[in-house]
Amino acid sequence: MTVYCATSNKGKLKEFQMAAPDFDVRALPVSVPPPEETGDTFEVNAVEKALAYGAHTDEYLFADDSGLEVDALGGAPGVISARYAGEHATDAQNNALLLAKLRGVADRTARFVCVIALVKSGKLVKTFRGSVEGRIIGEPRGGTGFGYDPLFYHEPFGCTFGEATLEQKMQVSHRAQALEEMFAYLRLL
Ligand code: ITT
(Lines give C-alpha, C1' and ligand atoms only; values in the text may rest on other atoms or scores of the structure.)
Protein backbone atom coordinates (compact mmCIF):
# COMPACT_ATOMS: atom_id res chain seq x y z
CA MET A 1 0.00 0.00 0.00
CA THR A 2 1.23 3.49 -0.77
CA VAL A 3 1.05 5.97 2.12
CA TYR A 4 2.15 9.57 1.76
CA CYS A 5 4.07 11.31 4.50
CA ALA A 6 4.55 15.01 4.96
CA THR A 7 7.45 16.72 6.66
CA SER A 8 10.05 19.40 5.99
CA ASN A 9 12.47 17.58 8.30
CA LYS A 10 14.91 15.24 6.49
CA GLY A 11 15.69 13.33 9.71
CA LYS A 12 12.02 12.48 10.17
CA LEU A 13 11.62 11.52 6.51
CA LYS A 14 14.43 8.96 6.79
CA GLU A 15 12.80 7.42 9.87
CA PHE A 16 9.34 7.38 8.22
CA GLN A 17 10.75 5.52 5.24
CA MET A 18 12.59 2.84 7.20
CA ALA A 19 9.71 1.96 9.54
CA ALA A 20 7.68 -0.51 7.45
CA PRO A 21 9.26 -2.38 4.53
CA ASP A 22 5.83 -3.72 3.50
CA PHE A 23 4.55 -0.17 2.81
CA ASP A 24 5.53 2.22 0.08
CA VAL A 25 6.06 5.41 2.12
CA ARG A 26 6.46 8.39 -0.18
CA ALA A 27 6.90 12.10 0.18
CA LEU A 28 4.19 14.13 -1.55
CA PRO A 29 5.12 14.71 -5.21
CA VAL A 30 4.22 18.40 -4.90
CA SER A 31 6.04 20.93 -2.79
CA VAL A 32 3.80 22.31 -0.05
CA PRO A 33 4.94 25.11 2.29
CA PRO A 34 5.02 23.85 5.90
CA PRO A 35 1.81 24.97 7.65
CA GLU A 36 2.03 27.19 10.73
CA GLU A 37 1.84 25.26 13.98
CA THR A 38 -0.55 27.11 16.25
CA GLY A 39 -1.71 24.43 18.70
CA ASP A 40 -0.42 23.87 22.20
CA THR A 41 -0.56 20.09 22.07
CA PHE A 42 1.21 17.59 19.81
CA GLU A 43 -2.22 16.15 18.88
CA VAL A 44 -3.65 19.47 17.65
CA ASN A 45 -0.53 20.29 15.65
CA ALA A 46 -0.23 16.82 14.11
CA VAL A 47 -3.86 16.94 12.94
CA GLU A 48 -3.48 20.49 11.57
CA LYS A 49 -0.32 19.49 9.72
CA ALA A 50 -1.78 16.28 8.25
CA LEU A 51 -4.96 18.04 7.10
CA ALA A 52 -2.97 20.86 5.48
CA TYR A 53 -0.70 18.48 3.53
CA GLY A 54 -3.56 16.00 3.01
CA ALA A 55 -5.43 18.59 0.95
CA HIS A 56 -3.00 17.64 -1.86
CA THR A 57 -3.90 13.95 -2.17
CA ASP A 58 -6.90 11.64 -1.75
CA GLU A 59 -4.64 8.79 -0.60
CA TYR A 60 -3.69 8.04 3.01
CA LEU A 61 -1.27 10.67 4.31
CA PHE A 62 0.35 11.12 7.72
CA ALA A 63 2.31 13.85 9.47
CA ASP A 64 3.98 13.87 12.88
CA ASP A 65 4.25 16.51 15.53
CA SER A 66 6.92 15.66 18.02
CA GLY A 67 9.27 17.15 20.55
CA LEU A 68 11.25 16.91 23.75
CA GLU A 69 9.67 17.35 27.19
CA VAL A 70 12.12 18.16 29.98
CA ASP A 71 10.67 17.68 33.47
CA ALA A 72 12.77 20.37 35.19
CA LEU A 73 11.57 22.88 32.56
CA GLY A 74 7.88 22.08 33.10
CA GLY A 75 7.70 20.07 29.85
CA ALA A 76 9.55 22.64 27.68
CA PRO A 77 10.54 22.87 24.88
CA GLY A 78 7.54 20.61 24.05
CA VAL A 79 5.58 21.73 21.00
CA ILE A 80 8.11 24.47 20.25
CA SER A 81 11.07 22.05 20.16
CA ALA A 82 11.91 22.84 16.51
CA ARG A 83 11.96 26.60 17.15
CA TYR A 84 13.12 26.74 20.80
CA ALA A 85 15.96 29.18 20.04
CA GLY A 86 13.94 31.13 17.45
CA GLU A 87 11.85 30.70 14.31
CA HIS A 88 14.67 29.42 12.05
CA ALA A 89 16.93 28.02 14.75
CA THR A 90 19.38 25.24 13.88
CA ASP A 91 19.59 22.01 15.87
CA ALA A 92 22.90 23.25 17.33
CA GLN A 93 21.29 26.51 18.52
CA ASN A 94 18.35 24.65 20.09
CA ASN A 95 20.74 22.25 21.82
CA ALA A 96 22.87 25.13 23.14
CA LEU A 97 19.81 26.89 24.56
CA LEU A 98 18.62 23.71 26.24
CA LEU A 99 22.01 23.20 27.87
CA ALA A 100 22.03 26.83 29.05
CA LYS A 101 18.58 26.43 30.64
CA LEU A 102 19.71 23.26 32.40
CA ARG A 103 23.02 24.62 33.69
CA GLY A 104 23.29 23.68 37.37
CA VAL A 105 20.04 21.66 37.26
CA ALA A 106 20.39 18.18 38.76
CA ASP A 107 17.08 16.70 37.54
CA ARG A 108 17.74 15.94 33.86
CA THR A 109 14.85 13.55 33.12
CA ALA A 110 13.13 14.04 29.78
CA ARG A 111 11.15 12.25 27.11
CA PHE A 112 10.62 12.44 23.39
CA VAL A 113 6.95 12.42 22.37
CA CYS A 114 5.53 11.84 18.90
CA VAL A 115 1.94 12.08 17.70
CA ILE A 116 1.14 10.96 14.18
CA ALA A 117 -2.10 12.01 12.50
CA LEU A 118 -3.38 9.90 9.62
CA VAL A 119 -5.82 11.50 7.18
CA LYS A 120 -7.59 10.48 4.01
CA SER A 121 -9.62 12.54 1.54
CA GLY A 122 -9.56 15.62 3.75
CA LYS A 123 -10.68 13.81 6.93
CA LEU A 124 -8.86 12.73 10.07
CA VAL A 125 -8.73 8.93 10.32
CA LYS A 126 -6.85 8.46 13.63
CA THR A 127 -3.95 9.67 15.75
CA PHE A 128 -1.15 7.50 17.21
CA ARG A 129 1.22 8.42 20.09
CA GLY A 130 4.60 7.18 21.24
CA SER A 131 7.10 8.30 23.88
CA VAL A 132 10.55 7.30 25.11
CA GLU A 133 12.32 8.22 28.35
CA GLY A 134 15.84 9.51 28.73
CA ARG A 135 17.92 12.23 30.34
CA ILE A 136 19.73 15.29 29.05
CA ILE A 137 23.50 15.05 29.35
CA GLY A 138 25.91 17.98 29.72
CA GLU A 139 27.31 18.12 26.18
CA PRO A 140 26.35 16.75 22.74
CA ARG A 141 27.61 13.24 21.89
CA GLY A 142 27.35 11.50 18.53
CA GLY A 143 26.44 12.51 15.01
CA THR A 144 23.55 10.29 13.93
CA GLY A 145 19.94 11.34 14.02
CA PHE A 146 18.84 14.96 14.27
CA GLY A 147 17.48 17.57 16.67
CA TYR A 148 18.18 16.83 20.32
CA ASP A 149 19.46 13.26 19.68
CA PRO A 150 23.08 14.05 20.73
CA LEU A 151 21.86 15.27 24.16
CA PHE A 152 19.32 12.50 24.79
CA TYR A 153 20.87 9.69 26.86
CA HIS A 154 18.83 6.50 26.76
CA GLU A 155 19.74 4.31 29.77
CA PRO A 156 19.05 0.90 28.11
CA PHE A 157 21.45 1.84 25.29
CA GLY A 158 24.11 3.30 27.59
CA CYS A 159 24.58 6.12 25.07
CA THR A 160 22.76 9.00 23.43
CA PHE A 161 20.44 8.65 20.44
CA GLY A 162 23.15 10.55 18.55
CA GLU A 163 25.63 7.74 19.29
CA ALA A 164 23.20 4.88 18.62
CA THR A 165 22.65 3.64 15.08
CA LEU A 166 19.45 4.68 13.35
CA GLU A 167 18.36 1.02 13.42
CA GLN A 168 18.79 0.97 17.23
CA LYS A 169 16.89 4.23 17.64
CA MET A 170 14.07 2.81 15.52
CA GLN A 171 13.68 -0.11 17.92
CA VAL A 172 12.64 2.12 20.83
CA SER A 173 11.88 5.65 19.69
CA HIS A 174 8.71 7.70 20.19
CA ARG A 175 8.35 7.96 16.38
CA ALA A 176 8.93 4.23 15.80
CA GLN A 177 6.22 3.39 18.37
CA ALA A 178 3.67 5.73 16.79
CA LEU A 179 4.58 4.50 13.30
CA GLU A 180 4.28 0.87 14.38
CA GLU A 181 0.76 1.51 15.72
CA MET A 182 -0.24 3.31 12.55
CA PHE A 183 1.06 0.59 10.23
CA ALA A 184 -0.63 -2.10 12.38
CA TYR A 185 -3.89 -0.17 11.98
CA LEU A 186 -3.44 0.15 8.20
CA ARG A 187 -2.63 -3.57 7.83
CA LEU A 188 -6.07 -4.40 9.26
CA LEU A 189 -7.98 -2.29 6.73
P1 ITT B 1 7.78 19.12 10.23
O2 ITT B 1 6.82 19.90 11.07
O3 ITT B 1 7.91 19.66 8.84
O4 ITT B 1 7.52 17.64 10.26
P5 ITT B 1 9.68 19.93 12.28
O6 ITT B 1 11.10 19.57 12.57
O7 ITT B 1 9.30 21.39 12.30
O8 ITT B 1 9.27 19.28 10.85
P9 ITT B 1 8.04 19.47 14.61
O10 ITT B 1 7.33 20.77 14.57
O11 ITT B 1 7.24 18.23 14.94
O12 ITT B 1 8.75 19.12 13.24
O13 ITT B 1 9.23 19.61 15.65
C14 ITT B 1 9.92 18.49 16.04
C15 ITT B 1 11.22 18.91 16.71
O16 ITT B 1 11.38 18.16 17.94
C17 ITT B 1 12.41 18.55 15.85
O18 ITT B 1 12.75 19.59 14.96
C19 ITT B 1 13.49 18.28 16.91
O20 ITT B 1 14.03 19.48 17.37
C21 ITT B 1 12.67 17.63 18.04
N22 ITT B 1 12.58 16.18 17.83
C23 ITT B 1 11.47 15.45 17.51
N24 ITT B 1 11.77 14.16 17.32
C25 ITT B 1 13.09 14.05 17.52
C26 ITT B 1 14.00 12.98 17.46
O27 ITT B 1 13.62 11.77 17.09
N28 ITT B 1 15.27 13.23 17.72
C29 ITT B 1 15.70 14.45 18.06
N30 ITT B 1 14.93 15.54 18.12
C31 ITT B 1 13.62 15.34 17.86
Expressed in angstrom, Rg and Dmax over the Cα atoms of the range 81-189 are 15.8, 51
Two-decimal ratio, the range 12-75, of alpha-carbon radius of gyration to 2.2 N^0.38 Å: 1.30
Any chance you could give the angle, 0 to 90 degrees and rounded to 10, that helix 174-187 forms with the longest Cα principal axis of the chain? 20
Taking only Cα atoms of the range 56-99, the Rg to Rh ratio with Kirkwood Rh works out at 1.16
For the chain, with all protein chains present and a 1.4 Å probe, just round the carbon and sulfur fraction of the accessible area to a whole percent. 51
Report the normalised scattering of the range 1-47 as log10 I(q)/I(0) at q = 0.17, 0.23 Å⁻¹, calculated by the Debye formula with identical scatterers on the alpha carbons. -0.60, -0.95
For the range 1-136, what are Rg and Dmax over the alpha carbons, in angstrom? 15.8, 51
Hey, what's the chain come to in accessible area per residue, 1.4 Å probe, Å²? 49
Based on Cβ point charges of +1 for Lys and Arg and -1 for Asp and Glu, what charge dipole magnitude is obtained for the range 13-84 about its Cα centre, in debye rounded to the nearest 20? 260
Quote the charge dipole size of the range 85-171 about the Cα centre in Debye, to the nearest 20; the model charges only the Cβ of Lys and Arg (+1) and of Asp and Glu (-1). 460
What shape does the range 94-158 take by its C-alpha gyration tensor, where a ≥ b ≥ c are the square roots of the eigenvalues and a/c under 1.5 counts as rounded, a/b above b/c as prolate, and the rest as oblate? prolate
Return the sequence-ordered ³J(HN,Hα) values of the range 92-106 in whole Hz as given by the Karplus equation 6.51 cos²θ - 1.76 cosθ + 1.60 applied to θ = phi - 60°, using x for Gly and Pro. 5, 5, 4, 5, 5, 5, 4, 5, 5, 5, 9, 4, x, 8, 7
Most mobile of PHE23, PHE161, PHE112 in a GNM of the chain (Cα contacts under 10 Å): PHE23
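The values are calculated or read from the model by the stated rules, or taken from the named source; none is laboratory data. Remember, it's a predicted structure, so these values are computed and weren't measured experimentally. In this analysis, Cβ positions are derived from the backbone assuming ideal geometry, glycine residues included, and neighbour counts consider all displayed protein chains. With ligands, DNA and RNA removed, areas are computed over all heavy atoms of the protein, side chains included. Shrake-Rupley method; radii C 1.70, N 1.55, O 1.52, S 1.80 Å.
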